[in-house]
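Have a look at the structure below, then the notes.
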Amino acid sequence: AKSTDCGQSWTDLGVIIQPQDRTQHCDTNGGTFVVSGGWMYIWFKDRDAAGFKYLCAARASLQSVLDAAKQGTATPFSKWDGAAFNSPGIQGPATAIEVGNPTTGWFCVAWNTFRNKFILVGTDLTPNTNLFYSDSPDGITWSARQVLETDPASSVYPSLIGLGPDPKITDQQFFAYY
């Protein structure tokens, strides 16, 4: 979506991620995206006939996203297919990027300048809804999950907030709201 009046109104530019099987659904959570190295990355949950793929990735060049938005359209994103970003974002197959495809509820990804990595805080779908942390040098290869907090009620809807001028960029200190 784009806004030309400082967020007072929005124009839907179109779909950028859709599962291979249109009878299923993708979930981009709260719009987990990061701009890094000239690319706009988005992480999402995909689903096909075999079931959920809990953490998947897609990207498009930032310039193509901006150019398409100026024209009132969406740019094509490409999903990670297990080797590269080669699969179409619309109805292309996606590959889960975490080893073992562990269950994932809501999550948030941000770039961290202190670690020089992507960082992720998310919830698993265990009975206690654990809040976990993971990081990645490339947005594809993620470290083992580290449990940050366990709550029998639930720890949901995590958000990473940087303390600098761009809240999507974190540093040595940042907030993780949930």
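Remarks
- Per-peptide packing, taken as the mean over residues of other Cβ atoms within 10 Å, places 164-170, 76-82 in the sequence 76-82, 164-170 from highest down.
- Prolate/oblate/rounded label for region 46-101 (Cα gyration tensor, a/c 1.5): prolate
- If both residues of a DSSP beta bridge must be in the chain, then about 95% of such bridges are antiparallel.
- All Cα-Cα separations within region 4-156 were binned at 10 Å from zero, giving a P(r) of 11, 38, 34, 15, 1, each value a whole percent of the pairs.
- Protection proxy ranking of 142-155, 42-55, 3-16, by the mean of other Cβ atoms within 10 Å over each peptide's residues and highest first, is 42-55, 142-155, 3-16.
- For region 102-141, the share of alpha carbon pairs falling in successive 5 Å distance bins from zero is 6, 25, 28, 20, 12, 7, 1 percent.
- Integer Hz, Karplus 6.51/-1.76/1.60 couplings in order for region 48-56, x for Gly and Pro: 9, 4, 7, x, 6, 10, 6, 9, 10
- Karplus-derived HN-Hα couplings along region 163-178 (A = 6.51, B = -1.76, C = 1.60, θ = phi - 60°), whole Hz, x at Gly and Pro: 8, x, x, 10, x, 7, 10, 9, 9, 4, 10, 7, 9, 10, 8, 7
- The distance separating the Cα centre of region 105-178 from that of region 38-68 comes to 18 Å.
- With the alpha-carbon atoms of region 119-178 aligned to their principal axes, the span from lowest to highest coordinate is 36, 24, 15 Å, starting with the largest.
- Solvent-accessible surface of the chain, averaged per residue with a 1.4 angstrom probe and all protein chains in place: 53 square angstrom.
- The fraction of accessible area contributed by carbon and sulfur in the chain is 54 percent, rounded to a whole number (1.4 Å probe; ligands and nucleic acids excluded).
- Computed from backbone phi, the HN-Hα couplings of region 142-152 come to 9, 5, 4, 5, 10, 6, 9, 6, 10, 9, x Hz, rounded to whole numbers (Karplus: 6.51 cos²θ - 1.76 cosθ + 1.60, θ = phi - 60°; Gly and Pro given as x).
- Here the calculated FRET efficiency for Ser154 and Thr11, from their Cβ-Cβ distance with R0 = 30 Å, stands at 0.30, rounded to the nearest 0.05.
- Trp39 long-range amide H proximity, modeled H, under 5 Å: Leu62
The values are calculated or read from the model by the stated rules, or taken from the named source; none is laboratory data. Small disclaimer: the values here were computed from a predicted structure and weren't measured. Reconstructed Cβ throughout: ideal geometry from the backbone, glycine too, with neighbour counts over all protein chains shown. Heads up: the accessible areas ignore ligands, DNA and RNA and are worked out on the full protein's heavy atoms, side chains in. Shrake-Rupley method; radii C 1.70, N 1.55, O 1.52, S 1.80 Å.
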